[in-house]
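In what follows, a structure is listed as structure tokens, so that the remarks can point back to it.
The values are calculated or read from the model by the stated rules, or taken from the named source; none is laboratory data. As the structure is a prediction and not an experimental result, all values here were calculated from the model. Ideal geometry is used to build each Cβ from the backbone, glycine not excepted, and the neighbour counts take in all protein chains shown. Note: accessible area is taken over every heavy atom of the protein model, side chains too, but ligands, DNA and RNA are not part of it. Shrake-Rupley method; radii C 1.70, N 1.55, O 1.52, S 1.80 Å.
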Amino acid sequence: MISQFFVLSQRGDNIVFRDYRGEVPKGSAEIFFRKVKFWKEDGEGDAPPVFNLDGVNYFHVKVVGLLFVATTRINASPSLVLELLQRIARVIKDYLGVLNEDSLRKNFVLVYELLDEVIDFGYVQTTSTEVLKSYVFNEPIVVDAARLPPLGPASIFVQGSKRMPGTAVTKSVVGNEPGGRNREEIFVDIIEKISVTFSSSGYILTSEIDGTIQMKSYLTGNPEIRLALNEDLSIGRGGRSIYDYSSSSGGGTVILDDCNFHESVHLDNFDSDRTLVLVPPEGEFPVMNYRMTQEFKPPFRINALIEEAGPLKAEVILKVRAEFASSITANTVMVQMPLPTFTTRVSFELEPGAVGNTTDFKEATKRLEWGLKKIVGGSEHTLRARLTFSQESHGNIVKESGPVSMTFTIPMYNASKLQVKYLQIAKKSNTYNPYRWVRYVTQANSYVARL
């Protein structure tokens, strides 16, 4: 049970506010934002998703830069309320097509109508887009796709040799195409977030993949779908599933530690042919979440070296090598490295012919930043940085620096090798042939190299 729900912008502006029970002061949104904003400035890092202030429990999640917040005075389950906030964000995105401050402000009447149906007097009624279509009648005001920020190559969907821009999936599930035509399309995302820690000598200390198969359906009539994964897929160590599914192919080449499925997925044939059968609800939903700690080839190798280069000086050498095929390109790559606290100035030297690189020294946080617009598979990039100190180091300069961290996005690549072999849709007629779009994206969750 929650008392209030509100959505705040990055500036703290109140975009949506609904008070269901009148138990919490009206100024709670301002109190919450002030607390979250100054949490980091007090040196305590980011605010936790749940905290208590003056007898009020605050729950929040951050979605595309917006803060979705719920308050209550009772001892509610944190996991339940946080899941509710995520589902509310997903429902609003299903209806508006794109979730941002502009779309919320333009569609505030529709958003309030959705909130009144989702929650009644603080109690959850439903978070199903399909069920809500019977009760919500306002039409969304579409945000012009041209005004959306560029999504980059990672947003491209493919079907064979065809390409579809990522903005195609930002349309409302309740709206039709111009001319009143229904959209007959389904989009599948295989998104993996990888965590890797390298030792100072380059060996992998820890590695993990958190993945999800995300689906967004624009199909009318809710036809049955068959989604086939790798036949040599195994779940659980030794190929034994935590759901007691025995692996038909022994110890497969793709071994997942554990996984869970959406409630609409039927697993009758999963044991025999690794096929998921489902009738997809309208809107966006995760078909399957999975985790993998089996050794895999990391997409990048990072080598970092720091050594003294005279009195009050040191030199840093960073090398990044792409370990994937040359046909694949990573983008929005950022390498960061904390420097000794007495660093006052940094000069950078890039390799000859380097294009699309940015370098910066954040003096406030004593952090080196190296941005690369894109990295082609098989290539290697080097950065040299010369440091100037305000005082001599009385300790080990290596211990006072690092570790090196890296963020990136790699479209059409997945480290786990989990594949969607085919996506079969039950035919309603001989002429029924909806479009099927599939996209693979790998992102860094925690990619760290020790010095």
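What number results when the radius of gyration of segment 1-134, computed over Cα atoms, is divided by 2.2 N^0.38 Å? Mind dumping the intermediate values first?
Numbers: Rg = 14.2 Å, N = 134, 2.2 N^0.38 = 14.1 Å.
Relative to the 2.2 N^0.38 Å estimate, segment 1-134 comes out at 1.01.
Longest exposed-loop-site-free stretch of the chain, with chymotrypsin sites (Phe, Trp or Tyr not before Pro), DSSP loop and at most 14 other Cβ within 10 Å?
On the way: sites that count: Phe121, Tyr135, Phe137, Tyr203, Tyr243, Tyr432.
Looking at the chain, 244-431 is the longest stretch - no exposed chymotrypsin sites (Phe, Trp or Tyr not before Pro) with at most 14 other Cβ atoms within 10 Å.
Less than 12 Å Cβ to Cβ from Ile397, Lys/Arg counted +1 and Asp/Glu -1: what total charge do the surrounding residues give? Don't jump to the answer; show the numbers that get you there.
On the way: positive: Lys313, Lys399; negative: Glu307, Glu308, Glu315, Glu392, Glu400.
Here the count lands on -3.
Do the sum for the chain: with -39,500 (n - 2.57) for every DSSP H run of n ≥ 4, divided by all residues, what is the mean residue ellipticity at 222 nm, to the nearest 500 deg cm²/dmol?
Numbers: 6 runs with 58 residues, N = 451.
Calculated at 222 nm, the ellipticity per residue is -3500 deg cm²/dmol.
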*Relative to the present Cα-Cα distance, how much length would full extension add between Val109 and Ser134 at 0.36 nm per residue of separation?*
7.3 nm
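Could you do me a favour and compute the accessible area per residue for the chain, 1.4 Å probe, result in Å²? Walk me through the numbers on the way to the answer.
Working: 21780 Å² over 451 residues.
About 48 Å² of surface per residue is accessible.
I need the GluC sites (Glu not before Pro) found in segment 272-348, filtered to DSSP loop residues with at most 13 other beta carbons within 10 Å of theirs.
Values: sites: Glu282, Glu284, Glu295, Glu307, Glu308, Glu315, Glu323; in loops: Glu282, Glu295, Glu323.
Within segment 272-348, the qualifying GluC sites (Glu not before Pro) (loop, at most 13 other Cβ atoms within 10 Å) are Glu295, Glu323.
Could you order Ser79, Ser416 by accessible surface area, starting with the largest, using a probe radius of 1.4 Å? Walk me through the numbers on the way to the answer.
Numbers: Ser79 85, Ser416 5 Å².
Correct descending sequence by accessible area is Ser79, Ser416.
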*To the nearest 10 square angstrom, how much accessible area does His262 have with a 1.4 angstrom probe?*
40
*Ratio of the chain's C-alpha Rg to 2.2 N^0.38 Å, to two decimals?*
1.10
*Within the chain, which is the longest segment containing none of the trypsin sites (Lys or Arg not before Pro) that sit in a DSSP loop and have at most 16 other Cβ atoms within 10 Å?*
182-398
*Counting other Cβ atoms within 10 Å of each Cβ, which GluC sites (Glu not before Pro) in segment 1-98 have at most 10 and sit in a DSSP loop?*
Glu44
*Heads up, I need the accessible area for Ser207: 1.4 angstrom probe, whole protein in place, Å², nearest 10.*
20
*asked:* Can you tally the net charge around Phe68? Count Lys and Arg as +1, Asp and Glu as -1, for every other residue whose Cβ sits under 11 Å from the Cβ of Phe68.
replied: +3
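Hey, what did segment 4-134 get for relative contact order, percent, Cα under 8 Å, at least 6 apart?
On the way: 163 pairs, mean separation 28.9, N = 131.
This gives 22 percent for segment 4-134.
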*In segment 4-134, what percent of the accessible surface is made up of carbon and sulfur (1.4 Å probe, ligands and nucleic acids excluded)?*
50
*Which net charge results when you count Lys and Arg as +1 and Asp and Glu as -1 among the other residues whose beta-carbon is under 14 Å from that of Glu363?*
+2
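Restricting to DSSP loop positions (anything but H, G, I, E, B) with no more than 13 other Cβ atoms inside 10 Å of their own Cβ, which GluC sites (Glu not before Pro) remain in segment 366-451? Don't skip to the end; give the middle numbers.
Working: sites: Glu369, Glu380, Glu392, Glu400; in loops: Glu392, Glu400.
Taking segment 366-451 and a limit of 13 other Cβ atoms within 10 Å, the loop GluC sites (Glu not before Pro) found are Glu392.
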*Please report the orientation-averaged projected area of segment 300-411, defined via the convex hull of its C-alpha atoms, in nm².*
6.8
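Carbon and sulfur: what percent of segment 300-411's accessible surface (1.4 Å probe)?
Numbers: 2800 of 5650 Å².
Heavy-atom surface of segment 300-411 belonging to carbon and sulfur, 1.4 Å probe: 50 percent.
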